[in-house]
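One structure below.
Read-outs: derived from the displayed coordinates by stated rules, not from any lab. The structure presented is a predicted model; accordingly, all values stated were derived computationally and were not measured. Neighbour counts run over all protein chains shown; Cβ positions are idealised from the backbone, glycine included.
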Amino acid sequence: MVTLKDIAREAGVSVMTVSRVVNGQHSKVSEENVRKIQEIIKKRGYVPNSTARSLSSKASNIISVIVQGSENEFKKSQYNAAMVGEIVPYVQERGYFLMLHFINKYDDITQRLRTWNARGAIFIGTFDQDVQKIQQDNTIPLVFTDSYSQVRQITNVGIDDYKGGALAAKHFIEKGHRSFVYVGDYMASSVVQQRLKGFKDTLEAFGFSLGPKHILDAYAIKEPARTICSFKEPVTAIFASSDSLAASIINEMRDLGKNLPEDYSIIGFDGFPLGGLIVPRLTTIYQDIAKKARIAVDIVFRHIEDPSSPAENVVLDVQLMERESVKDLNA
């Protein structure tokens, strides 16, 4: 049986360093040592502890939730925290335990699932590039959320992001707005891109445009509000890809001496309670996160009970939640 000491000896590091890597505390270990230790773990088929070893030989009552990114990123993501918070009670109602994993690399996924002999897994985040490999390496029920993978046999629970973007564009236009900007949390995300596409296509269908300079990546631009205020041709309507981002832009605008919705109007996306507490109360595109979580859990258990169940793709609807952050320029 391979032990921590064996791996530490082969890697030329301390047992504590190996333990940190095994437990996902990569911030305290150099990238080189993380890579080296993970390669040895994979090569030697290491199973972390006595509990995990016992689980590896029999069925467990564990559902894994795989969250893309680090623990620190998770704490900053209102959406991810909300999804996990909704999933937990639904899993516990079935008499199962939930194991939460923060994953940065594809290689870590199969190792974590096999280590704990998970009965099924729910994925939160953008795993589109690795979906096929994940499915090939794992035979347990896998449920993805918000995936736009081209893999045909994938079980996924998502929302109509494109429609959400279209609803935002239509609302701005109905309120008399003629100049627009889109700000995305993470432009490489298919979810963010679909929201942008729905927004942009709808503007163009009504005879308006959204040029490249009016599509901003909030990760690349530290202060999107300052960039928006510096446009030579002023805009009046801002569509943010999440409520959290919209709230951040509102705060930045206030620091710059701007008033919303008098100077700028803004629409968010998600429909979190936060939007009803900020000033102005945020108009947003609402998605039912509780329903999304419940369906994902129902599907994973349905596939546990009947492994021959076909892949399912569920697309939930979204709706405009009108509050106070969009000024009516027709008045």
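For Lys197, the lysines whose Cα falls under 27 Å of its own Cα, not counting residues fewer than eight places away in the same chain, are Lys76, Lys163, Lys170, Lys175, Lys213, Lys222, Lys232, Lys291, Lys292, Lys327. Looking at the square roots a ≥ b ≥ c of the eigenvalues of the Cα gyration tensor of the range 161-287, which shape do they give, rounded for a/c under 1.5, prolate if a/b is larger than b/c, or oblate? In terms of gyration-tensor shape, rounded.
For Gln319, the residues whose modelled amide H falls within less than 5 Å of its own, excluding neighbours fewer than 5 places apart on the same chain, are Tyr286.
Centre-to-centre separation between the Cα atoms of the range 64-91 and those of the range 181-253: 25 Å. Each other residue within a Cβ distance under 11 Å of Val192 adds +1 if Lys or Arg and -1 if Asp or Glu, for a net charge of -2. Mean-square fluctuations from a GNM of the chain, with a 10 angstrom spring cutoff on Cα atoms, peak among Pro141, Pro212, Pro261 at Pro212.
For the range 181-331, DSSP calls about 20 percent of its internal beta bridges antiparallel. With contributions of -39500 (n - 2.57) from each DSSP H run of at least four residues, the per-residue ellipticity at 222 nm computed over the chain stands at -13000 deg cm²/dmol. Taking amide H as placed 1.01 Å from N in the peptide plane, Phe144 has its amide H under 5 Å from the amide H of Phe123, Thr155, Asn156, Val157, each at least 5 places away in sequence or on another chain. Here the Karplus relation 6.51 cos²θ - 1.76 cosθ + 1.60, evaluated at θ = phi - 60°, turns the backbone of the range 30-37 into coupling constants of 5, 4, 5, 6, 4, 4, 4, 5 Hz, with x for every Gly and Pro. In the calculated pair-distance distribution of the chain, the portion above 32 angstrom amounts to 39 percent of the Cα-Cα pairs. The Cβ shell under 11 Å around Ala218 holds other residues with a net charge of -3, Lys and Arg each +1, Asp and Glu each -1.
With a simple spin-label model that places each label point 7 Å from the Cα along the Cα-to-Cβ direction, the separation between Asn259 and Val315 comes to 4.2 nm.
As a test, work out the antiparallel percent of DSSP beta bridges whose residues both lie in the chain, rounded to the nearest 5. Of the beta bridges lying entirely in the chain, close to 10 percent run antiparallel.
For His26, neighbours were defined as the other residues whose beta-carbon sits under 15 Å from its Cβ, and their charges (Lys and Arg +1, Asp and Glu -1) total -1.
Amide H to amide H, with H built 1.01 Å from N, Glu324 comes under 5 Å of Arg281, Leu282, Thr283, counting only residues 5 or more places away or on other chains.
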